[in-house]
1. Would you check which residues across segment 248-280 are over 30 Å from Pro322 (Cβ atoms), surrounded by 13 or more Cβ atoms within 10 Å (Cβ to Cβ) and free of Cβ contacts under 8 Å to residues at least 24 places away in the same chain and list them?
2. Go through Val189, Val195 for me and flag whichever is closer than 30 Å to Leu92 by Cα, touching a Pro at 6+ places or on another chain (Cβ under 7 Å) and assigned by TED's automatic domain parsing to the domain that holds Gly127.
3. May I ask you to say which residue of Gln154, Gln128 is farther than 30 Å from Leu229 by Cα and polar (S, T, N, Q)?
4. Determine which single condition Thr155 fails, assuming it passes every other condition in (1) more than 19 Å from the chain's Cα centre (by Cα); (2) hydroxyl-bearing (Ser, Thr, Tyr); (3) within 23 Å of Leu36 (Cα to Cα).
5. Does Gly11 qualify as being surrounded by 22 or more Cβ atoms within 10 Å (Cβ to Cβ), outside the structural domain of His138 (by TED's automatic domain parsing) and not in a helix (DSSP H, G or I)?
6. Considering every residue within segment 302-325, establish whether at least one is surrounded by fewer than 18 Cβ atoms within 10 Å (Cβ to Cβ), charged (D, E, K, R) and in contact (Cβ under 8 Å) with a residue 24 or more places away in the chain.
7. I'd like the residue in segment 14-32 that is of a type in the set (A, V, I, L, M, F, W, C) and out of contact with any Asp or Glu (no Cβ under 8 Å at 6 or more places or on another chain) and, out of all such residues, is surrounded by the fewest Cβ atoms within 10 Å (Cβ to Cβ).
8. In the list Ala350, Ala388, which residue meets the criterion of being in contact with a Leu (Cβ under 6 Å, 6 or more places away or on another chain), in contact (Cβ under 8 Å) with a residue 60 or more places away in the chain and not charged (D, E, K, R)?
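The values are calculated or read from the model by the stated rules, or taken from the named source; none is laboratory data. Since we're looking at a predicted model, the values are computed, not measured. As a convention, Cβ positions derive from the backbone with ideal geometry for all residues, glycine included, and neighbour counts pool all protein chains shown.
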Amino acid sequence: MLPGMIELGQGTGPLRGVKVVEIAGIGPGPHACMILADLGADVIRVERPGGQLLSGGATMLLNRGRPSVALDLKQPEAAATVLELVKDADVLVEGMRPGVAERLGIGPEQCHAVNPRLIYGRMTGWGQDGPLAQAAGHDLNYISVAGALFGMGQTPERPQFPANLVGDFGGGSTYLVIGLLAALLEARVSGEGQVVDAAIVDGTAHLNAMTWAFLAGGGYQERRGANLLDGGVPYYDVYETADGKHVSVGALEPQFYATLIAMLGLEGVAPGQADLDRYDELRVLLTDTFRQKTQAEWVALFEGTDACVAGVVPASEAPSHPHLEARATFVEHEGVVQPQPAPRFSRTPASLSLPPSPAAGTHTREALTAWGIADVDGLIERGVAVQATPGQ
């Protein structure tokens, strides 16, 4: 998009017309604002000049869908500019340590003083209070104390973790978006804004509710690889194929297990699904059987059946999977293959718009102008705002 083309109200999703001020951070905050932008909200991303760790670049998809404005928030005039943006906004999102936004002059009280209807979203790992609130941390730390990491993986020696999907994005950004949307609905009735305290530890604990249910019912062992959904049963596990690749097997229900065994040609040979004493025997049998064909051969046999078997696909190959390709789950946008907005809507479909900014402050002048900020050139001249130059 060329300079001067930033306009409001261009979103096509159900959040069209909702205005969001994002105080840029890393991880869950940007992911939450990507979701809001994907769903049609007008989001303006306020970054520090020069950006920060993992914050920028033309392929940083978490930053897609919104313009980048660089403001030096250590200067009072920059904070005043944020408050000007807030006056006409519905939501503000920030992910700083508790108290930092207040010291900068853009905390909840300062923002609600200029816009009482504002929904103020706070995204942190530990939350706004508690003994660890001021401590540094990352996804791995938060899911550790929330009880999620302990049981992950199939090796008894140590837990294994799925990158930062569970904490940052599962218990973090997803719950922040849920909170923001719920608060927006409530504000339409009450006419009042509020603070949404989204803590990764809280969201991860809530995300893990099924484990707590199993634990309360006596059906959960606090050992890795010993439960229904962590590889403790041989019919819900991952198996190597003849070519060194893998297939996932999820035949939990009796009818699906029966289909699996029949299609493997193991009827009359494999133990019954409920025969716990022969699970080791069943696992060896499945292991040996799946090693007899390549992944492609197993996929050709099982795909589309009720055996619940799927090939384990690398990220680079997922966009070309026939099912995902048919649904256009991935799309090439501005030269980058990326996932489409989700979920899907029948009447107000979402769509991709602005690509990620190549540098912090790429759209400072035109975005601030579009949001109604006066004397933008003066802010740039005084060093309060920074306009990135092409190639910066």
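1. Pro271, Arg278
2. When all the criteria are applied, what remains is Val195.
3. Gln128
4. Tallying (1) more than 19 Å from the chain's Cα centre (by Cα); (2) hydroxyl-bearing (Ser, Thr, Tyr); (3) within 23 Å of Leu36 (Cα to Cα), Thr155 fails exactly one: (3).
5. Against the criterion (surrounded by 22 or more Cβ atoms within 10 Å (Cβ to Cβ), outside the structural domain of His138 (by TED's automatic domain parsing) and not in a helix (DSSP H, G or I)), Gly11 qualifies.
6. There is at least one residue in segment 302-325 that is surrounded by fewer than 18 Cβ atoms within 10 Å (Cβ to Cβ), charged (D, E, K, R) and in contact (Cβ under 8 Å) with a residue 24 or more places away in the chain.
7. Within segment 14-32, the first condition is being of a type in the set (A, V, I, L, M, F, W, C), and the residues that meet it are 15, 18, 20-21, 23-24, 26, 32.
Restricting the remaining residues to those that are out of contact with any Asp or Glu (no Cβ under 8 Å at 6 or more places or on another chain) gives 15, 21, 26, 32.
Details: Leu15: 25, Val21: 28, Ile26: 15, Ala32: 31.
The selected residue is Ile26.
8. After ruling out the rest, the residue left standing is Ala350.
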